[in-house]
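Chemist: One structure is given below, represented as structure tokens, and several questions about it will come after.
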Amino acid sequence: MIQAIVNNFVPLLFLRFRSEFCIQLAQITWLITINFAVQLTVDAVAPAFADKIGYRVSMQLAHILSASGFLLMTVLPDKLPSPFAGLVICIAMYAVGGGLLEVLVSPIVEACPTDNKETAMSLLHSFYCWGQAATVLLSTVFFAIAGIEHWRILAALWSIVPMLNFILFLKVPIATLSETRGQASGFAELIRTPQFLFFCLMMLCAGACELTVSQWASAFAESGLHISKSAGDLIGTMGFAICMGSARAMFGKFGEKIPLQKVMLASSVLCVGSYLLIGCMLCGFSVGIFWPGTFSLSAARLRNGGTLMFALLALAGDLGCCAGPTIAGKASALLGSDLHRGILCGIVFPCIMLCCVLLMDKEYQNGKVRNGNK
């Protein structure tokens, strides 16, 4: 949920920043780039120190940085000579926190002594969706009641969430993958493993399938359905998040009865169909299992992947998150600002995901690998 606040709160304020701080639209675009660039960098470097200083200290650091970024945003843009520089510092700070969370939360849950790793992972990732929906909804309600000019108050309120989680991580029991699975593989060993590269491709497609529609959902609802910006946010962005979270929560509840590979196959087919129909909510439901499902498959097949494997998979997923919306946006511009056709160009990613699921080896297709155990 904290990751969702990190990625979705500030974009709601872009137009406010432009009018209040006289920031050019090109500079505002850089705020998006900096957020994801910092998170990508953290994905790459975090494994080098996370295992050494421990999961607990790393998680505490992630929450401190996330809370500090939101708190400083209430004062730093006003105090520095350049408001843009103040925003960049704050965004970079909470982006480091968000990147650490992305790297660490999945292996921590994977190491928990749960009966079914796949359903636990799916349930975990559903909370990003609930966080995204809550961020959009509660922020919209706050702006409607208090006025968007009081956004600093809301930024301070959002900082309370990572503060509370920091307190919880002072005491909560934590298991590590090294305790449950032994010595982890190194970078060179992982890169030379064809299965790992296969899962990296799946993660790239998972990120692209999700963000291509999610990032453009509001704009498409506004331009295609001719509704207001607020309604576009609620119907497009929030509706997408709720449907994606519902899919993950449903697998978290009933996944023990259905093989993960069959669910991913059905979801891939549904995702291709949703791109053809440009069904935002349908797409949200179809992509829900891709990200946590790929994590679960890789954890089951590469038992000694360790924190590094989860970090590199997250890096591949984030690259897809950048590539998908960019391709859709560029294609829309080339096709006369037609978002419908631009988003349709992104169908290449669910098609690749479908091919990847179909190419799973016969051992998995025959059900010899179930729930992470042979």
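Chemist: Using the structure shown, decide if CYS271 is under 18 Å from the mean Cα position of the chain (by Cα) and modelled with pLDDT under 80.
Modeler: no
Chemist: Of the residues that sit in the range 146-200 and are of a type in the set (Ser, Thr, Tyr) and assigned to a helix (DSSP H, G or I), which one is modelled with the lowest pLDDT?
Modeler: Looking at the filtered set, the residue picked out is THR180.
Chemist: Look at the range 108-130 and say how many of its residues are closer than 21 Å to PHE36 by Cα and open to solvent by less than 20 Å² (accessible area, probe 1.4 Å).
Modeler: Number of matching residues: 2.
Chemist: Sort out which residues of the range 201-238 are modelled with pLDDT of 80 or more, in contact with a helix residue (DSSP H, G or I) (Cβ under 6 Å, 6 or more places away or on another chain) and open to solvent by 40 Å² or more (accessible area, probe 1.4 Å), and write them in order of number.
Modeler: LEU204
Chemist: Take ALA316 and tell me if it is under 25 Å from LEU123 (Cα atoms), touching a strand residue (DSSP E or B) at 6+ places or on another chain (Cβ under 9 Å) and either at pLDDT 80 or above or of a type in the set (A, V, I, L, M) (or both). It would help to see each step written out before you state the result.
Modeler: Working: under 25 Å from LEU123 (Cα atoms): yes; touching a strand residue (DSSP E or B) at 6+ places or on another chain (Cβ under 9 Å): no; either at pLDDT 80 or above or of a type in the set (A, V, I, L, M) (or both): yes.
For ALA316, the condition - under 25 Å from LEU123 (Cα atoms), touching a strand residue (DSSP E or B) at 6+ places or on another chain (Cβ under 9 Å) and either at pLDDT 80 or above or of a type in the set (A, V, I, L, M) (or both) - is not met.
Chemist: Go through the range 1-15 and count every residue that is over 16 Å from ALA95 (Cα atoms) and open to solvent by less than 60 Å² (accessible area, probe 1.4 Å).
Modeler: Residues that pass the stated criteria total 3.
Chemist: Taking into account only those residues within the range 17-33 that are open to solvent by 40 Å² or more (accessible area, probe 1.4 Å) and β-branched (Val, Ile, Thr), which is farthest from GLU102 (Cα to Cα)?
Modeler: Filtering the range 17-33 for residues that are open to solvent by 40 Å² or more (accessible area, probe 1.4 Å) and β-branched (Val, Ile, Thr), the one farthest from GLU102 (Cα to Cα) comes out as THR29.
Chemist: Which one of these does ASP51 not meet: (1) modelled with pLDDT under 85; (2) among the acidic types (Asp, Glu); (3) closer than 27 Å to ILE160 by Cβ?
Modeler: (3)
Chemist: A further question on this structure: Do any residues in the range 39-63 that are free of Cβ contacts under 8 Å to residues at least 40 places away in the same chain have Cβ atoms under 8 Å from those of residues that are in a helix (DSSP H, G or I), where the two are at least six apart or on different chains, and which pairs are they?
Modeler: Listed pairs, sorted by first residue: PHE49/SER58; LEU61/GLY97; LEU61/LEU100.
Chemist: Touching a Phe, Trp or Tyr at 6+ places or on another chain (Cβ under 8 Å), of a type outside the set (Lys, Arg) and more than 15 Å from VAL6 (Cα to Cα): is that true of SER58 in this structure? Working first, answer last.
Modeler: Numbers: touching a Phe, Trp or Tyr at 6+ places or on another chain (Cβ under 8 Å): yes; of a type outside the set (Lys, Arg): yes; more than 15 Å from VAL6 (Cα to Cα): yes.
Judged against the criteria, SER58 is a match.
The values are calculated or read from the model by the stated rules, or taken from the named source; none is laboratory data. Note that the structure is predicted; figures quoted are calculated from it, not measured. Every residue, glycine among them, receives a Cβ derived from its backbone with ideal geometry; neighbour counts consider all protein chains shown. Heads up: the accessible areas ignore ligands, DNA and RNA and are worked out on the full protein's heavy atoms, side chains in. Shrake-Rupley method; radii C 1.70, N 1.55, O 1.52, S 1.80 Å.
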